[in-house]
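Inspection log for the structure reproduced underneath, given as structure tokens.
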Amino acid sequence: MISLLIVKLGNLYSMVIVIYCILTWVPMNGGGILMDVKAFFEKITEPYLNLFRKLIPPIGGVVDITPIIALLVLQFVVSFLARIL
């Protein structure tokens, strides 16, 4: 029961990270609801993503692969916790 909850929460957080990454590609001029949505997702994801940004610099100073690494680590941890619980 608890392992199912952990898996579902991990999947939900993974989806939030993916949505945030997509929103960072969308140009946002001014305010609006889309800017508020992006700010909401940023508050949720940035603390976790910043853990990896401290360790992994952008490739060529431009390409940020930390969301990919963060998603892989998250899935590994969720899978590990689901097995032991």
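The requirement of being more than 25 Å from L85 (Cβ to Cβ) and either touching a residue at least 12 places away in the same chain (Cβ under 8 Å) or among the β-branched types (V, I, T) (or both) is fulfilled somewhere in the range 26-36, by at least one residue. Scanning the range 35-83 for residues that are more than 18 Å from L23 (Cβ to Cβ) and either acidic (D, E) or touching a Gly at 6+ places or on another chain (Cβ under 9 Å) (or both) yields L74, Q75, V77, V78, S79, L81, A82. Restricting the search to the range 1-50, which residues are among the charged types (D, E, K, R) and on the phi > 0 side of the Ramachandran plot? Those that are among the charged types (D, E, K, R) and on the phi > 0 side of the Ramachandran plot: none in the range 1-50. Residues in the range 18-38 include none that are in contact with a helix residue (DSSP H, G or I) (Cβ under 7 Å, 6 or more places away or on another chain) and of a type in the set (S, T, N, Q). Listed by first and then second residue, the pairs with beta-carbon distance under 9 Å, at least 6 apart or on different chains, first residue in the range 51-70 and without any contact (Cβ under 8 Å) to a residue 12 or more places away in the chain, second among the β-branched types (V, I, T) and open to solvent by 80 Å² or more (accessible area, probe 1.4 Å), are I65/I59.
The values are calculated or read from the model by the stated rules, or taken from the named source; none is laboratory data. Predicted model, so just to flag it, every value in this text is computed and none were measured. Methodologically, a virtual Cβ is constructed for each residue, glycine included, from the backbone with ideal geometry; neighbour enumeration extends over all protein chains shown. Surface accessibility is based on the protein's heavy atoms, side chains included, excluding ligands, DNA and RNA. Shrake-Rupley method; radii C 1.70, N 1.55, O 1.52, S 1.80 Å.
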